[in-house]
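Notes to accompany the following structure.
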Amino acid sequence: MTTDRVRVVQENLDHLLRSEGAAAAVAQATPLAPTEPIVPGTSLSAEEALALFEDQATSRSIDVEARRLKAEGKSFYTISSAGHEQNAILGAQLRTDDPCFLHYRSGGLMMARARRGGIRSRILDTMLSICASEDDPVARGRHKVWGSRDLWVPPQTSTIASHLPKAVGAAFAIGRARRMDVATGLPEDAVVCCTFGDASANHATALSGIQAARYGSRRGNPIPILFVCEDNGLGISTDTPQRWISDTFGSHSHLRYMEAEGDVVHLWNTVEEAIRSCRETRSPVFLRLVTVRLWGHAGSDIESAYRSPDQIRESEARDPILGNARFLLEHGVTTAQDLQTRVQAIRDEVREAGIEASSRRHLSTIGEIVAPMAPWDEEAVREAARPRVNPEARRVFWSGEPPEENRNPIRRTLAAHLSSALADEMLEHPDILVFGEDVARKGGVYYVTAGLQKRFGTTRVIDTHLDETSILGLAQGAGLLGLLPIPEIQYLAYVHNAVDQLRGEASSLSFFSDGQFRNPMVVRIASFAYQRGFGGHFHNDHSIGGLRDIPGLILAAPSRGDDAVRMLRGSIATARSQGRVVAFLEPIALYHQKDLHEEGDGGWLFDYPLPGEICLPGEIGIEGEGDVVLVSYANGFRMSLQARRILREAHGIESKVVDLRWLNPLPFEALEAAVDGAKQVLVVDECRRTGGGIAEAVVSHLAESGFDGRVRSLRAPDTFVPLGPAAHAVLIQTPDIVQSTLDLVRSQ
């Protein structure tokens, strides 16, 4: 059996169009007028059917050219849409202002959508992406993606269903933005389309997204999302069981299930009904689109290793382009000669585009590659943080006593300041949406969001179901549509369940779209350890390594109430003006802390900053002076201040204490200035030793930047945090900081 199945499939179509059977079919058919329905009872006209065939043939030719160029070392992507071209019917029927979140076999859909959107460069644009050229209009050569700002297709990479939650979030945000009077640029009846494969439908993230859509619909929210499962029966080499998709999704409540299989007219009519139902009912629809996979999973996949020759030939016999060509001929849409001419013209155009695209340059410098990943314009951020609410109106909002004038100790803790800051920011910015588990009626597990729903209503402060993946998906969709989401994750350990929504999706969007799409958000996370009374590792998590690993993600870690307010304002302004994703790590143990050294001293109560006061990434906090510098953050900063007094009073050692505040990017420039002239630096990192915190990065930077004093670190052991008093044995304590400092000073 020949291994060149690409050539075999191409020749199958050529043979059909040259055969006597094709001529006989045309001879027996009654020619149709261009606007005439291809058969009675359908809206698919002869001219649209012919255009659809050209879209599919274009997608197929692009796949062929991609493999040819790959063999020459000139292209870098061979996951093809071959066999999935019936998804072009979706591209032909969806409006270009219906957002689409697409998986990698969406070539036919994109060709049809580009045709409808008047994108004449659709072939060259795709070849530029396949060749990783900097002239690619979407990702600028950073990855092969399907995407377009003009066509409202945010790019996805080689995603395995991780895009479903944000697609659901976008569907939810269409109606929610309208209720909040926030312009999205989309019509009120827009729907969201999300495509994925049958194997990907098993992924936890896919199930999370589908469940979120059903849950939201059950709660009475408009969720106009069309899930399209392109079922080719294979997950690389693993068969999908017969009827698995229908058995799994076919009987759910609040999810209309439909199947599209058969000839092009049946598919057209089914897709038309699915879109109509989704658009009119504003509720989720699940469409199983039967497809076939040709040529293996990708160019590197040797399909004959796990499929028999008969199975491969059977798939090729179900080639949708082959079937559609027969249908067009048999129903008098055109002639075999006309189709031959059209197919050859398409192949020639694609070949020319491939030659052109492969000659264009690639990104080559670090600067141009990372440019859209972490945009920063300090002047724009400060302008975004400027207060705009009339001071008198704000005073009325606070019932005559704004938080900066309040001296009640209970209302001056970190949690209380954050609560006031959130209310202030929501007053300033009507596009802010606050949501998460228990944030509305209860006011959050630690009551940081208490009262917000009463002040701003159920439209803007929302209780979600218990699923961090869906919460972060909602944030992405809302950010894409012009809202400013502030989701809450109850505990740092919980974000690990859904971290790919931050790493693989939210933080990568600007990078892979060259800044054309943004999903700004500020994710509030109750973080770190040291809380008393209950806990264990799932509520006392002290590992931030998985977050620091995410390119472009900003990590804020306030330690005190006034800083928390300034940093939250700065984070929101950064998200708003720069489109950035910020994780705001709030130390649980310090939420309600009032004292610093002794019970009742009120040393951890701070005044509420005046409106307009902000703290931005790169700005650190400094307390005291001395030859010894203690560098820390969050709980470690407070304990370092306690250690500072003990060192001075018991040992005569003066020290400076630095609060890093921002853990990604680390504020190295400010830190270098803070340790300049010091003799010793101790990095107090409350997170666990191996990859959990920031100590390694800080120590290595000081060493590499030429700091000539001695540097050591104090880090928690590499273990989970146990329950009860045993936790104290594995968490850094103030005496540990004192002793480590003494050891450092005495080691000279």
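So, in the range 153-179, exactly how many residues are in a loop (DSSP other than H, G, I, E, B) and touching a helix residue (DSSP H, G or I) at 6+ places or on another chain (Cβ under 9 Å)?
The initial filter retains those residues of the range 153-179 that are in a loop (DSSP other than H, G, I, E, B), namely 157-163.
Narrowing the set further to residues that are touching a helix residue (DSSP H, G or I) at 6+ places or on another chain (Cβ under 9 Å) leaves 157, 159-163.
Number satisfying all stated conditions: 6.
Step by step: first the residues of the range 1-33, then only those that are β-branched (Val, Ile, Thr) and either closer than 19 Å to ARG342 by Cβ or exposed (fewer than 12 other Cβ atoms within 10 Å of the Cβ) (or both), then the one that is modelled with the highest pLDDT. Which residue is that?
Here is the first cut: in the range 1-33, the ones β-branched (Val, Ile, Thr) are 2-3, 6, 8-9, 26, 30.
From the residues that got through so far, the ones that are either closer than 19 Å to ARG342 by Cβ or exposed (fewer than 12 other Cβ atoms within 10 Å of the Cβ) (or both) too are 2-3, 9, 26, 30.
On the way: THR2: 57, THR3: 67, VAL9: 94, VAL26: 67, THR30: 82.
Filtering first and then ranking leaves VAL9.
Take the residues in the range 465-519 that are of a type in the set (Asp, Glu) and closer than 24 Å to ALA440 by Cα, then tell me which one is surrounded by the fewest Cβ atoms within 10 Å (Cβ to Cβ).
At the first step, the residues of the range 465-519 found to be of a type in the set (Asp, Glu) are 467-468, 488, 500, 505, 514.
Within this subset, residues satisfying the condition of being closer than 24 Å to ALA440 by Cα are 467-468, 488.
Values: ASP467: 21, GLU468: 25, GLU488: 24.
Of everything passing the filter in the range 465-519, ASP467 is surrounded by the fewest Cβ atoms within 10 Å (Cβ to Cβ).
So, in the range 539-561, how many residues would count as being of a type outside the set (D, E, K, R), surrounded by 21 or more Cβ atoms within 10 Å (Cβ to Cβ) and over 15 Å from the mean Cα position of the chain (by Cα)?
10
A quick yes/no check of all residues on (1) assigned by TED's automatic domain parsing to the domain that holds VAL631; (2) surrounded by 18 or more Cβ atoms within 10 Å (Cβ to Cβ); (3) at pLDDT below 95; (4) part of a loop (DSSP other than H, G, I, E, B):
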residue	(1), (2), (3), (4)
LEU666	yes, yes, no, yes
GLU672	yes, no, no, no
CYS687	yes, yes, yes, no
SER700	yes, no, no, no
PRO722	yes, no, yes, yes
ALA729	yes, no, yes, no
VAL738	yes, yes, no, no
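Just one of the numbered conditions (1) touching a Gly at 6+ places or on another chain (Cβ under 9 Å); (2) in a loop (DSSP other than H, G, I, E, B) is not true of ARG142; which one?
(1)
Could you look through the range 183-220, keep only residues that are touching a strand residue (DSSP E or B) at 6+ places or on another chain (Cβ under 9 Å) and assigned to a loop (DSSP other than H, G, I, E, B), and pick out the one that is surrounded by the most Cβ atoms within 10 Å (Cβ to Cβ)?
VAL191
Given the options SER527, SER507, name the one that is polar (S, T, N, Q) and touching a Phe, Trp or Tyr at 6+ places or on another chain (Cβ under 9 Å).
Numbers: SER507 fails: touching a Phe, Trp or Tyr at 6+ places or on another chain (Cβ under 9 Å).
The match here is SER527.
Identify the residue in the range 548-594 that is in contact (Cβ under 8 Å) with a residue 60 or more places away in the chain and among the polar types (S, T, N, Q) and, among all such residues, is nearest to LEU660 (Cα to Cα).
Checking each candidate, the answer is SER559.
Restricting to the range 534-549, count the residues that are under 27 Å from GLY515 (Cβ atoms) and either in contact with a Gly (Cβ under 9 Å, 6 or more places away or on another chain) or not assigned by TED's automatic domain parsing to the domain that holds GLN501 (or both).
Number of matching residues: 4.
Does any residue of the range 452-460 turn out to be over 25 Å from ARG548 (Cβ atoms) and among the hydroxyl-bearing types (Ser, Thr, Tyr)? Let's see the steps before the verdict.
Keep residues of the range 452-460 that are over 25 Å from ARG548 (Cβ atoms), which gives 452-460.
Subset that is among the hydroxyl-bearing types (Ser, Thr, Tyr): 458-459.
Scanning the range 452-460, I find at least one residue that is over 25 Å from ARG548 (Cβ atoms) and among the hydroxyl-bearing types (Ser, Thr, Tyr), so the answer is yes.
Would you be able to say whether some residue in the range 369-386 is acidic (Asp, Glu), at pLDDT 95 or above and within 30 Å of ALA66 (Cβ to Cβ)? Show your work before the answer.
The initial filter retains those residues of the range 369-386 that are acidic (Asp, Glu), namely 377-379, 383.
In the following step, the residues that additionally are at pLDDT 95 or above were identified as 377-379, 383.
Next cut, within 30 Å of ALA66 (Cβ to Cβ) only: none.
No, because not a single residue in the range 369-386 is acidic (Asp, Glu), at pLDDT 95 or above and within 30 Å of ALA66 (Cβ to Cβ).
Among the residues of the range 51-59, is any assigned by TED's automatic domain parsing to the domain that holds SER358, closer than 23 Å to ALA371 by Cα and surrounded by fewer than 22 Cβ atoms within 10 Å (Cβ to Cβ)? Don't jump to the end; show me each part of the working.
First pass over the range 51-59, keeping only residues assigned by TED's automatic domain parsing to the domain that holds SER358: 51-59.
Subset that is closer than 23 Å to ALA371 by Cα: none.
Within the range 51-59 (the criterion being assigned by TED's automatic domain parsing to the domain that holds SER358, closer than 23 Å to ALA371 by Cα and surrounded by fewer than 22 Cβ atoms within 10 Å (Cβ to Cβ)), the answer is no, since none of the residues qualifies.
Going by what's in this entry, would PHE528 be described as over 16 Å from the mean Cα position of the chain (by Cα) and buried (at least 24 other Cβ atoms within 10 Å of the Cβ)? Please lay out each step first, then the result.
On the way: over 16 Å from the mean Cα position of the chain (by Cα): yes; buried (at least 24 other Cβ atoms within 10 Å of the Cβ): yes.
Yes.
Checking the conditions here, which among LEU414, LEU363, LEU329 is buried (at least 18 other Cβ atoms within 10 Å of the Cβ) and in contact with a Leu (Cβ under 6 Å, 6 or more places away or on another chain)? I'd like the intermediate steps shown before the answer.
Working: LEU363 fails: in contact with a Leu (Cβ under 6 Å, 6 or more places away or on another chain); LEU329 fails: in contact with a Leu (Cβ under 6 Å, 6 or more places away or on another chain).
Selected residue: LEU414, the only one of LEU414, LEU363, LEU329 that is buried (at least 18 other Cβ atoms within 10 Å of the Cβ) and in contact with a Leu (Cβ under 6 Å, 6 or more places away or on another chain).
Kindly provide the set of residues from the range 570-592 that are crowded, with 20+ Cβ neighbours inside 10 Å and in a loop (DSSP other than H, G, I, E, B), ordered by number.
Residues satisfying the conditions are ARG580, TYR591.
Of ALA498, ALA493, which residue is in contact with a strand residue (DSSP E or B) (Cβ under 7 Å, 6 or more places away or on another chain) and not basic (Lys, Arg)? Can you show your working first?
Values: ALA498 fails: in contact with a strand residue (DSSP E or B) (Cβ under 7 Å, 6 or more places away or on another chain).
Within the list ALA498, ALA493, the selection yields ALA493.
Taking the stated definitions as given, is LEU474 under 25 Å from LEU590 (Cα atoms), assigned to a helix (DSSP H, G or I) and touching a residue at least 60 places away in the same chain (Cβ under 8 Å)?
Numbers: under 25 Å from LEU590 (Cα atoms): no; assigned to a helix (DSSP H, G or I): yes; touching a residue at least 60 places away in the same chain (Cβ under 8 Å): yes.
It is false that LEU474 is under 25 Å from LEU590 (Cα atoms), assigned to a helix (DSSP H, G or I) and touching a residue at least 60 places away in the same chain (Cβ under 8 Å).
Is it true that ARG243 is without any contact (Cβ under 8 Å) to a residue 12 or more places away in the chain, farther than 16 Å from ALA170 by Cβ and among the basic types (Lys, Arg)?
On the way: without any contact (Cβ under 8 Å) to a residue 12 or more places away in the chain: yes; farther than 16 Å from ALA170 by Cβ: yes; among the basic types (Lys, Arg): yes.
Yes.
Quick one: is THR459 surrounded by fewer than 17 Cβ atoms within 10 Å (Cβ to Cβ), under 30 Å from ARG149 (Cα atoms) and within 26 Å of the chain's Cα centre (by Cα)?
Details: surrounded by fewer than 17 Cβ atoms within 10 Å (Cβ to Cβ): yes; under 30 Å from ARG149 (Cα atoms): yes; within 26 Å of the chain's Cα centre (by Cα): yes.
Judged against the criteria, THR459 is a match.
If the requirement is being surrounded by 12 or more Cβ atoms within 10 Å (Cβ to Cβ) and under 35 Å from the mean Cα position of the chain (by Cα), which of these qualifies: GLU404, GLU378?
Numbers: GLU404 fails: under 35 Å from the mean Cα position of the chain (by Cα).
Of the residues listed, the single one that is surrounded by 12 or more Cβ atoms within 10 Å (Cβ to Cβ) and under 35 Å from the mean Cα position of the chain (by Cα) is GLU378.
For LEU322, state whether it is under 38 Å from the mean Cα position of the chain (by Cα), part of a helix (DSSP H, G or I), in contact (Cβ under 8 Å) with a residue 24 or more places away in the chain and assigned by TED's automatic domain parsing to the domain that holds GLU48.
Considered against the rule, which asks whether it is under 38 Å from the mean Cα position of the chain (by Cα), part of a helix (DSSP H, G or I), in contact (Cβ under 8 Å) with a residue 24 or more places away in the chain and assigned by TED's automatic domain parsing to the domain that holds GLU48, LEU322 comes out as yes.
In the range 228-240, what count of residues is obtained for those that are in a strand (DSSP E or B), in contact (Cβ under 8 Å) with a residue 40 or more places away in the chain and out of contact with any Gly (no Cβ under 8 Å at 6 or more places or on another chain)?
The first filter runs over the range 228-240 and keeps only residues in a strand (DSSP E or B), leaving 228-231, 234-235, 238-239.
Narrowing the set further to residues that are in contact (Cβ under 8 Å) with a residue 40 or more places away in the chain leaves 228-231, 234.
Now drop any that are not out of contact with any Gly (no Cβ under 8 Å at 6 or more places or on another chain), which leaves 228, 234.
Adding up the residues that qualify gives 2.
Could you tell me how many of the residues in the range 706-748 are in contact with a Leu (Cβ under 9 Å, 6 or more places away or on another chain) and of a type in the set (Gly, Ala, Ser)?
4
Within the range 54-75, can one find any residue that is closer than 19 Å to GLY296 by Cα, of a type in the set (Gly, Ala, Ser) and within 26 Å of the chain's Cα centre (by Cα)?
No: the range 54-75 contains no residue that is closer than 19 Å to GLY296 by Cα, of a type in the set (Gly, Ala, Ser) and within 26 Å of the chain's Cα centre (by Cα).
For ALA161, which of the numbered conditions (1) modelled with pLDDT of 95 or more; (2) on the phi > 0 side of the Ramachandran plot fails to hold?
Status for ALA161: all satisfied but (1).
Quick grid of which residues meet (1) part of a helix (DSSP H, G or I); (2) surrounded by fewer than 17 Cβ atoms within 10 Å (Cβ to Cβ); (3) under 28 Å from the mean Cα position of the chain (by Cα); (4) assigned by TED's automatic domain parsing to the domain that holds PHE76:
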position	(1), (2), (3), (4)
TRP268	yes, no, no, yes
VAL271	yes, no, yes, yes
PHE286	no, no, yes, yes
LEU289	no, no, yes, yes
TRP295	no, no, no, yes
ILE312	yes, no, no, yes
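Sort out for me the helices (runs of 4 or more DSSP H) sitting completely within the range 386-469 that have 1 or more residues that are free of Cβ contacts under 8 Å to residues at least 40 places away in the same chain and within 21 Å of LEU585 (Cβ to Cβ).
Output list reads 414-428, 452-456.
The values are calculated or read from the model by the stated rules, or taken from the named source; none is laboratory data. Remember, predicted model here, so these are calculated numbers, not experimental data. Glycine gets a Cβ as well: all are built from the backbone with ideal geometry, and neighbour counts include every protein chain shown.
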